[in-house]
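Structure first, then comments.
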Amino acid sequence: MGNCLQSLGFEVSYQPVRLSGQRHLNVIGYLGEGRWPMGFLTHTDTVPPTPKEAWTSTGGRPWSPVIKGRYLYGLGVADVKSDLAAKLAAFSRINANELKRPIAMFATCAEETGLQGAKALAQKAGLQKPAELWVGEPSELRLVTRHKGYLVVEVELKLRHRPKVRKGRRIVFRGKTAHSATPHLGQNALVAALEFLTKTWGRSPQTEVLEVQAGTVANKVPERCELVLGEAGSHGLPLRDLMDWLRDYEARAKRLKRRVSSAFDPPQLSITPTRLRVNGHRLVLTLDHRLMPGQRAEDYLLLMEQSLEEYFKPARFRLKVERNNPALSTASNESIVRSGKRVLREMDLDEPPATKPTCTEAGILAEAWRIPAVVFGPGKSTGNIHRPNERTGLKQIYQAAQFYEKIIRAGSRGT
């Protein structure tokens, strides 16, 4: 990536980012002279390809892109290699001497593992910050000016007694997985199991839960939940108190700084239990929050702690924040939005700003650098990325390159 930018005339530097003992790199490039460059950003990593044999469009080789008909197939072609290719194509058509304003290009690492590259970039000292930022993500060439924030919290409860599972009735609940940003598109097996327990305890209050296992990752609606039920006196798990607390917390959270917008789907805050498991002498529940713009993670963490103290002694619980990524809200009168809409109008493309239920690097850097940001790129997200046979239409890739070239030639600040 650095060599490619250098071949286009960029001055390139690298920011090492160490994660889990491994060294990654952010690539930073500048083209042209002057202050307050136009900023462009695209992440360079992808999710792992699983399973490879499911990549029928590429002959089982997800890293080998294939053009079939009007589409490009391959791992990351929508998320987000096509956007990167479109930016590089636009840069190749620009001479530094023609620039009204300089260009800053950021190629970030580790986006798929918690936006770690963008978080490191936000903290880099001495960086020449851009005046505004175009962040690459598949948006089907829509200007995304608002997206939700992301808060993931693990609630750990200390167990006085670890149930010994010798005999018990094993029950498996099955649902339908979905991205936790759109939980209404799935069927939560964990929620179904908790509802079953509520009914069971109404009929047979002596029943205890000896074992529970639900969910695999924080950002997916769990499609499977397994319970082991036993009789009273077997030191069951404290699920009754946990369920009472969860219902109470969700009700309070949805009243706190209530924000509703039909532009989002779902139109308000969503709180989804995505994992529940026994880990040694601890019961661990993972809660996925999708915060509306204007809702602060700190407020929900405080509410969570205060409400837990009403149900459990402070020494019995612990909160661990896994993810905390801010929302994005860029005003429609910002110059980056106005110029983007104007260029889309010239290209006869859809210009009204859009929203996104998931978070992106734009939220982090817009907040850290105090600049307006817009998410934009070719390709479809929902039902396409993070799965085999990912694809992007060739026409959209060409149009994205044309869009970026027009934005650069116009110079977006103050126009």
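What follows draws every value from the coordinates through simple rules; no lab data is involved. Given the structure is predicted, the values throughout are model-derived calculations rather than measurements. Counting neighbours? That spans all protein chains shown, and the Cβs are built from the backbone with ideal geometry, glycine included.
Could you pull out every one of the lysines with an alpha carbon less than 25 Å from that of residue 320, ignoring same-chain neighbours closer than 8 positions? Qualifying lysines at Cα under 25 Å: 119, 148, 158, 220, 254, 257. Each Lys and Arg contributes +1 and each Asp and Glu -1, all at the Cβ; summed about the Cα centre of the chain, the dipole is approximately 620 debye. Put +1 on the Cβ of each Lys and Arg and -1 on the Cβ of each Asp and Glu in the chain; which of 289, 138, 126 then has its Cα farthest toward the positive end of the dipole? In the chain, that residue is 289.
The magnitude of the dipole of region 293-359, with charges of +1 and -1 set on the Cβ of Lys/Arg and Asp/Glu and taken from the Cα centre, is near 200 debye. Share of antiparallel DSSP beta bridges in the chain, in percent to the nearest 5? Here the antiparallel bridges make up roughly 80 percent for the chain. With both labels modelled 7 Å from their Cα along Cα-to-Cβ, the residue 394 to residue 338 distance reads 3.9 nm.
Between helix 335-346 and the chain there is an angle of about 70 degrees, using the helix long axis and the longest principal axis of the Cα atoms.
Projecting the Cα atoms of 251, 32, 300 onto the dipole axis of the chain, where Lys and Arg carry +1 and Asp and Glu carry -1 at the beta carbon, places 251 farthest toward the positive end.
Here the Debye sum runs over all C-alpha atoms of region 243-293 as equal scatterers in vacuum, and log10 of I(q)/I(0) at q = 0.18, 0.22, 0.25, 0.30 Å⁻¹ comes out as -0.66, -0.86, -0.99, -1.18.
In terms of the mean number of neighbouring beta-carbon atoms within 10 Å, the peptides 178-184, 313-319 order highest first as 178-184, 313-319. The calculated FRET efficiency for residue 3 paired with residue 387, based on their beta-carbon distance and R0 = 30 Å, is about 0.45. From the Cα gyration tensor of region 102-225, with a ≥ b ≥ c the square roots of its eigenvalues, which class applies: rounded if a/c is under 1.5, or else prolate if a/b is larger than b/c, or else oblate? Note, shape of region 102-225 comes out prolate. Summary of the geometry: region 356-393 and region 22-53, compared by the centres of their Cα atoms, lie 13 Å apart. Classify region 30-115: rounded, prolate or oblate, from the alpha-carbon gyration tensor (a ≥ b ≥ c, eigenvalue square roots; a/c under 1.5 rounded; otherwise prolate if a/b is larger than b/c)? Taking the square roots of the gyration eigenvalues as a ≥ b ≥ c, region 30-115 is oblate. Charge tally around residue 116: other residues with Cβ under 12 Å, Lys/Arg +1 each, Asp/Glu -1 each, net -1. Region 237-291 and region 177-201 have Cα centres separated by 12 Å.
Local charge for residue 128 was computed over the other residues whose Cβ lies under 13 Å away, with Lys and Arg +1 and Asp and Glu -1, and equals +2. Label sites at residue 262 and residue 313, each approximated as a point 7 angstrom past Cα along Cα to Cβ, lie 5.2 nm apart. For residue 68, give me every one of the lysines with a C-alpha distance below 23 angstrom, ignoring sequence neighbours fewer than eight places off in its own chain. Reachable lysines: 52, 81, 87, 380, 395. For region 321-415, the residue among 357, 400, 384 whose Cα projects farthest onto the positive side of the dipole built from Cβ charges is 400. Residues of region 253-267 with an amide N closer than 17 Å to a point placed 7 Å from the Cα of residue 184 along the Cα-to-Cβ direction: 254-255, 259-267.
FRET efficiency for the residue 370 to residue 254 pair, using the beta carbon distance and R₀ = 25 Å, is estimated at 0.25. Magnitude of the charge dipole for region 1-57, about its Cα centre and with charges confined to Cβ atoms of Lys, Arg (+1) and Asp, Glu (-1), is about 160 debye. Among the chymotrypsin sites (Phe, Trp or Tyr not before Pro) within region 35-131, those in coil by DSSP and having at most 15 neighbouring Cβ atoms inside 10 Å are 63. Distance between the modelled labels on residue 125 and residue 296, one decimal in nanometres: 2.8 nm (7 Å Cα→Cβ projection).
Count Lys and Arg as plus one, Asp and Glu as minus one, and take only other residues whose Cβ is under 11 Å from that of residue 369; the net charge is then +1. The structure shown yields percent of Cα pairs over 42 Å apart, and of the options (1) 8; (2) 22; (3) 11 that calculated value carries the label (2). For helix 82-92, what angle does its Cα long axis make with the longest principal axis of the chain, in degrees from 0 to 90 and rounded to 10? Taking the Cα atoms of the chain, the angle to 82-92 is about 20 degrees.
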